Structure formats: C-alpha cells, structure tokens
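Below is one structure, written out as structure tokens; the observations come after it.
Every read-out reported here was derived from the displayed coordinates using simple, explicitly stated rules and does not represent laboratory data. Keep in mind it's a predicted model, so treat the numbers as computed, not measured. Glycine also receives a Cβ, built like all others from the backbone with ideal geometry; neighbour counts cover every protein chain displayed.
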Ligand code: HDD
Ligand code: HEM
Ligand code: HEM
C-alpha cells in the first residue's frame, strides 16, 4: 500500500474533501429517503388501502430524486475511492444485494400502483415491505462497515473473507436501529405532508409518539455498544476531543427534546427540521469518530483514494455541479411542498 | 467449492443477466423523452389540443419505463464492485471516475427534473414545463454518453498505463475520446432514437388499426415513421463504421463476430468470404460448415474488393473469444436493422402514393400489423448488439490489458447462484410488470375528456390538483369519525 500513500501524499486535502462530500451525499440520502422509507414502514401498519395509496402519492414527485442520492454516493465512491469500492462492496455483497431487491420492489410498486386496479394490494405490500427491507439491510451495511473486513496482501489489496462475514449481532442491531429511526422520520414526514384533519395525520401523530421512545432506546444502545466494541471509537471519544463529543451529544439531546415539543404542538415543519439536525449531528459525529478510517481497521481514506491526478480531475469536473444539483433538487421539492388534503392516483 | 472457471462463468452470467435486463429501459427512456419534447413543442407551437393529449398519453408509458429503468439501474451501479471487485479497483481511477461523473451530471440532473415533468403539469408555467422536459431528454442522453465512455474504454483502453495493478490516467482526453467511443456512442444514441420512434410507431399503429382516435394517432405515426426514414439508414451506416473500428482495434473480436478463422485460403489468396451462416468448432479452430459470399468481408471491413482480414488462427488459443454467440447475435442485429429500414421505406412509399392516412392504412392492415410487431425489433437489436460486443471482447475485461479472470471477485459459488436466482426473480417481476402496465395504458387509450392544462396561474402551486382536472378518480382522505 506504500505506493498509493506516496502518490496521494500532496493531495491529502482533496481526499479529505471528497470523503466529506461523500459523507454529505450519504447524509442527504439518509435524511431524504429515510423519511420515504419510514413512510413505507408506517404504511405496513395502516391497513386502509386508500391511505396507503395516499402515502405513495405524497412522494410521487420526489422519491426518485431522494433515492438517487444513494446512487450519487455509490458513484462518487467508485470515482474517488475505487479501492474501497472494489473491496467494501464485495464484502457487503449479501446485504447490498438484499438492499437492491428492496429498492427494486419499492420502486416498481411506487410506479405500478398508479396504474393498477385489481393488483393495488400487491403493490401496497411491495411498497411497505420493500421499504422495510431496504432500511434494514442498509443499516446492516453500515454496521458491517464499522466492523471492518479482512484484506489480502499485494499491491492492490482485495477482500478475501467469506460471504457471511458481515453478519454479527452488532450489524443486525444496526439494521434494527435503522428501521426504527426511519419509522420515526416517516411519521414526522407524513405529518408535515398531510392536512391536520386527515386520518393519516392523526395516525402519524400516535406513531411518532411511540417511535420517539423506541428510537431513543435504539440509538442509545448503538452508541454504548459502539463505545465498548470498537477501540477506535472509544479512544476517540475519551481522547483529546472528548468535550466535542460530549457537547454534540448534549445538543442532540436538546434537539430531540425540541423535536418532541414541536411535534406535540403540531409545528410539523419545525419537528422535521429538528430531526434533520439530529441526523446531521449524529452523522457528523460518526464521521469525526471514523477519521482517518474509511473502513475502520481496514482502509484509511488515504489507502482507499484514487491516485492523485484522477482525484484532481474528478474534483475539477464535479465540484461545480454539486451546488447546481442541490439547487434544482430544492426547486423540485419546493414545487411539491404543499400539504395534501385530497388527491388522486392515476387510476383506471 | 472453489472452481475458478465455474466461479468466473457464474460471475459473468450474473453480470450479463442484470445488464441485459437493464438495457431494455434506458434507451427507450432516452428516445421517448426526446419524442415527448418534440410533441410538447408541437403543442405549444400549434396550440392543437391533440398534441397535448398525445404528449400526456405517451408520458404515461414513459413513466412506467422510467421506473423500471431506475429499479434495475441502481443494481448496475453497485454490482461492478460486488461482482468485479478487483477490476473496479484497478480500473477505478478512470472507469470509476466516469461512472461518478455520470451519477452527478446525469442521474441527479435527470432526477431533479423528472418529478417536475411528470407531476408539474399545471403547477409550473408551460415554459418551465417544457424546460423540464428538455432537461430530462438531455440528461438521459448525457447518461448514455458517460456509460458509453466507460464501456468503450474497456474495448479500446487508450490514455492509460498500468502501474502496480492500477490503471493510471496519462491523458484524460485520449481515454475519454477513445476510438471505440467515437463510433460506439453515436451508434448507441441512434439506437435509442430508433427504439423510441418504433415504440411510438407501434403504439400509434395499434390505435389506428383499432380505429381508436385513429386520426389523432396518425400524427405520431407519421412523425415517427418519417423520422425513421432518416434514422434507420443512418444506424446502418454508423454500425458499419463501428464494425470497421472493431476490425482495426480488436481484430480478434471482429473475426469472432464473422466466424472468420483463416486469413488466407488454401491456395494462398486472401480469404475474403463473408459467412452468412456457419457452425464454428472452437476445438478444431475452424467452421464445421459454412455458407459464405466471396469478397463481402473485404468490402465490409475495408471497403475494398480484395484485402486481408485477420482470422482467428492468428491469435493464441487463450486469447480467442467465443465464436458462436457473437457470430449469430451480430447477424440477428444486422437483420433487425435492415428490416427496420425497409419498414420505414415502405412507409415513405405509402406516403408518396398519398395513402398514408387513417383510412388508407386501415385498408392495409398488414402494414399496420407489421409496424406493431416490428416495435420488438429494436429491443432484439439492442440485446444482440451488446452481447456481441461484450462476448467478443473476451477473454479481456479491459482489452489487451486485463483479463476477465483477473478482474472477478473471488466469491463462493453459492453466493453467485443466490444472486442469479434472486435477480432473475426480481428483474422478471419488473419486466412482466412493465409490459403488463404498458398494455393496460395502451388499451385504456388517451384521456380525451380532460381539460387541457392551460393557465398555470389559476392553479394553486403545490397541490396535487392536476389529476383532478384530468378527471381521474379522486380519493378523498377525510376524517372518518
Ligand atoms: C436499434 C438498435 C440497433 C440496430 C438497428 C443496429 N445496432 Fe449495432 N449495436 C446496437 C444497436 C443496434 C447497440 C446495442 O447499441 C450496440 C452495442 C454496444 C454499442 O455501442 O451499440 C451495437 C453494437 C454493434 C457492433 C459491435 C461493436 C463492438 O463490438 O464494439 C457493431 C459492429 C454494430 N453494432 C454494427 C451494426 C450494423 C452493421 C447494423 C446494421 C444493420 C447495426 N449495428 C444495427
Ligand atoms: C452497465 C452499466 C450501467 C450502469 C452501471 C448503469 C447504472 C444505472 C443506474 C444506477 C440507474 C438508476 C439511476 C437513477 O436512480 O435515476 C440507471 C438508469 C439509467 N441508465 Fe443505466 N446503467 C448502465 C447501463 C446503461 C446504458 C448502456 C445506458 C444508455 C444507453 C444507460 C442509461 C441510463 C439512463 C438514461 C437511466 C435513467 C433511468 C431510465 O431512464 O430508465 N445505462 N443506470
Ligand atoms: C447495458 C447493456 C449491456 C449488455 C446487454 C451487456 C452484456 C454483457 C454480457 C452478455 C456480458 C458477459 C460477457 C461474457 O462474459 O462473455 C457482460 C460483461 C460485462 N460487461 Fe456488459 N453489457 C452491457 C453494458 C455494459 C456497460 C455499459 C459496461 C460498462 C460501463 C459493461 C461492463 C461489463 C463488464 C465489466 C462485464 C464483466 C466482464 C466480462 O465478462 O466481460 N457492460 N456484459
């Protein structure tokens, strides 16, 4: 791995910038699609077919863009950290495969539901189960990445472990946590999308109340488990910057409390923003804990990075697009921002 | 269970299946998006409601296809790393960059406008809507361009050198504008237009055939078939250029596509025969039987009466691609291309004779039936074209530089089989679903009652009112108690 280090040396800052940017894409994905996935999980517990249809219709104009952030993150990892892409994805074969199946089922259910008449039930379930599976297996991927994996030696080290290496109690737990967190986000999202006098709004209110506590327990559990399981995390959290982590933790608790208050007072947009802040803080803390690892104990971001000239090319070619991409996505979301009272599916 | 050849072949099969099930959607997306832009412009120019209804009708088909493309496409993005990890690592500095460019400049670009295009009717101004449609068409073409950059570089990897197991880029320009790209991309772009136009033609012909809004659908039938009069021959011309590019840069692939084993005949003269049909025998290194046309091969590849075209015998056995599949796949594609051109010319002839009207064509049901069924031909051409291309590149994953066996992830056979079975099930679900709903939308026909969305100003921004205006069924969500 020596040569890769020397090649990238002068470009270390670019590596860091791209790592942050990919983290940003992933975070956007978690925030945006997390709500959509959570709404899907919610729909599993809502047996009214009209309401399920309404939930799907509420994301008709935006789900594709939200999901595409995952593709952007994946593509950018391939572009900027090919050594991680080639080994990490191979290691994650099974959970990624299951995630993809979930995404496929969910995407077609969203599209086909509009056109179906007799088969709407099938697509309702497809949407719900697809969402659940996607959230769970994506959570497993995250936990499995934190565990690291075994690499071969040689100039370009590749994954040389077994297909089931990813599965441990910890990665299973992160999958569960992801489902609960998404479920909370989904409830908050639905409340912001529907008129206050709709049935969905009421159901989502009860739902967010319950999910709030579940999510609190799940996230606490993950933090504690991470602390005791991973030396790299423990050493960071009790290292010289311990106060920053404590501070972040404190702000998260405060934001959670504010979210709860906003939610109780039916300030739904505010609740959504507080939840967003919580994700941002958690994700930021996770990135800070990880640094300089891309995959803890396995690849640092410098090992995994693209050789210098490619990274520069990628940066020059792409950084200008990021704000533009954000701008038109924001515009699209803005057009579809209003609350829904009544609406229609493409019937017939 | 570790059998390296079986493992490799399974990984190839896994990858081949998912690409095969993805490639049937994006080209139609590209072609149909361009067509939607055309018909929307027509509507705004002529102010004729029929163009509006046609646009909305084909847009429904577009949406189904788009959803299927996204569902199968996300798999593609992830599967390079999963199935071909070492290849992804080695080629990452170039190949990964290009796919990264694609996601940022094309997918995200497209995703940012597609919602506006489909659900924005009446919520944004007409101009803004047209702009959204334009961007969808443009960005989907950009996506095809980047994908073709990546794939054609695997065919003719210029502008890089291999160092410590990584492909490092010496010249971005040379690597992006590699020889195969310069003809491969136009060929793919035209294929996309061709599939889009034949799709529109097929659906329109069915409507005329059933005489359901026959007059209205004559507009799209005429527009698409007349465009094909230019597009279909152009595709054959560009295909020929592509074949010559392959002949120049990857003679082994060309020889496999043509089932061409011997450079010279037994009497020492150049073997210029082009095989129409043949049964290749790879073990013996010759064809068991063949029917060929003398001089055709030289004419096709060199545009000369007599020239030498390298036969497979000149390559080491371990460097020879499989022959049977590229040979027949290539012929099927060419036949499909030829047929499509003939159909377009027939349409031109009918138009010239003044018989290209709804009544005129209804008196010629065979022509309409032919157009309906020929909509399947571009699909077949696209499949067989890619199979030719990918299989004839073997045994290389990056031609001349990296073997497929060096690029494959070391996976367990069980995992590969699980993958295959899973994606067969899910991709078939997508495929069957997509065609079922295509059929349903077509049977239902265009919505002729809905009011045309004229004044965006009157409609409250941000409500999902469009469909109400369209008189689609409306679900009321109100408190039950
Ligand atoms: C509507 C679709 C369609 C039609 C009618 C044709 N093709 Fe094609 N062809 C494709 C769609 C396609 C494709 C699927 O788009 C491919 C695969 C990769 C590519 O760049 O284009 C392709 C590949 C491809 C290749 C392989 C290149 C390689 O190995 O790199 C050659 C030589 C041709 N084509 C030549 C032709 C000729 C001579 C045609 C004349 C009838 C023709 N194609 C019709
Ligand atoms: C084998 C390599 C390929 C990969 C890795 C790949 C990747 C993807 C991905 C990830 C998506 C979904 C993006 C989204 O969320 O919107 C997608 C859709 C798409 N792909 Fe592919 N693709 C491949 C082949 C192709 C080819 C050969 C073309 C063009 C000829 C193409 C053109 C498109 C287009 C236009 C879309 C947009 C969705 C649609 O229009 O259906 N792709 N692809
Ligand atoms: C979408 C249309 C495509 C189809 C139908 C297709 C088909 C195939 C097939 C049949 C194989 C197996 C060939 C063999 O093993 O003998 C294959 C392999 C492969 N293709 Fe494609 N392909 C397509 C597009 C692409 C694109 C756009 C790329 C790159 C951007 C690509 C990259 C690969 C790679 C990396 C392999 C694996 C290595 C190999 O077996 O050659 N393919 N594809």
Where does helix A:82-91 land angle-wise versus the long Cα axis of chain A, in degrees 0 to 90, nearest 10? 60 degrees
What is the packing order of peptides B:314-323, A:282-291, taking the mean over residues of other C-beta atoms within 10 Å and listing the highest first? A:282-291, B:314-323
I'd like the mean, over residues of A:88-96, of how many other protein chain beta carbons sit within 10 Å of each residue's own Cβ. 6
Which order do the peptides A:57-68, B:383-394 come out in when sorted by mean C-beta neighbours inside 10 angstrom, highest first? A:57-68, B:383-394
Could you compute how fast the stretch A:36-77 diffuses translationally, taking Rh as the Kirkwood radius over C-alpha pairs and applying Stokes-Einstein at 20 °C with viscosity 1.002 mPa s? Give it in µm² per second. 188 µm²/s
Along the Cα-to-Cβ line of residue B:16, 7 Å from the Cα, sits a label point; which residues in the stretch B:258-280 have backbone N less than 20 Å from it? B:258-260, B:278-280
Note on the protein assembly as shown, DSSP bridge orientation, antiparallel percent to nearest 5 equals 90 percent
Euclidean distance between Cα centres, the stretch A:99-128 to the stretch B:145-206, Å: 33 Å
Ranked highest first by average number of other Cβ atoms within 10 Å, how do A:217-224, A:110-117 line up? A:110-117, A:217-224
Please average, across the residues of B:140-148, the number of beta carbons from any other chain that are within 10 Å of each residue's own beta carbon, and give a whole number. 0
Does the protein assembly as shown come out rounded, prolate or oblate by the C-alpha gyration tensor, with a ≥ b ≥ c the root eigenvalues, rounded set by a/c under 1.5 and, if not, prolate when a/b is larger than b/c and oblate if not? oblate
Rg [Å, one decimal], Dmax [Å, integer] - the stretch B:261-310, C-alpha atoms: 10.8, 32
Checking the a/c ratio against 1.5 first, then a/b against b/c, what shape does the Cα gyration tensor give for the stretch B:333-435? oblate
Once a ≥ b ≥ c are taken as the square roots of the eigenvalues of the Cα gyration tensor of the stretch B:270-423, is the result rounded (a/c under 1.5), prolate (a/b larger than b/c) or oblate (a/b not larger than b/c)? oblate
Using a Förster distance of 30 Å, how high is the FRET efficiency between residue B:264 and residue B:236, based on the Cβ-Cβ distance and rounded to 0.05? 0.50
Cα-based Kirkwood hydrodynamic radius, chain B, one decimal, Å: 24.5 Å
Nearest 10 degrees, 0 to 90: helix B:214-249 Cα axis against chain B principal axis: 20 degrees
How shielded is B:123-134 by partner chains, expressed as the average number of their Cβ atoms within 10 Å of its Cβ atoms? 1
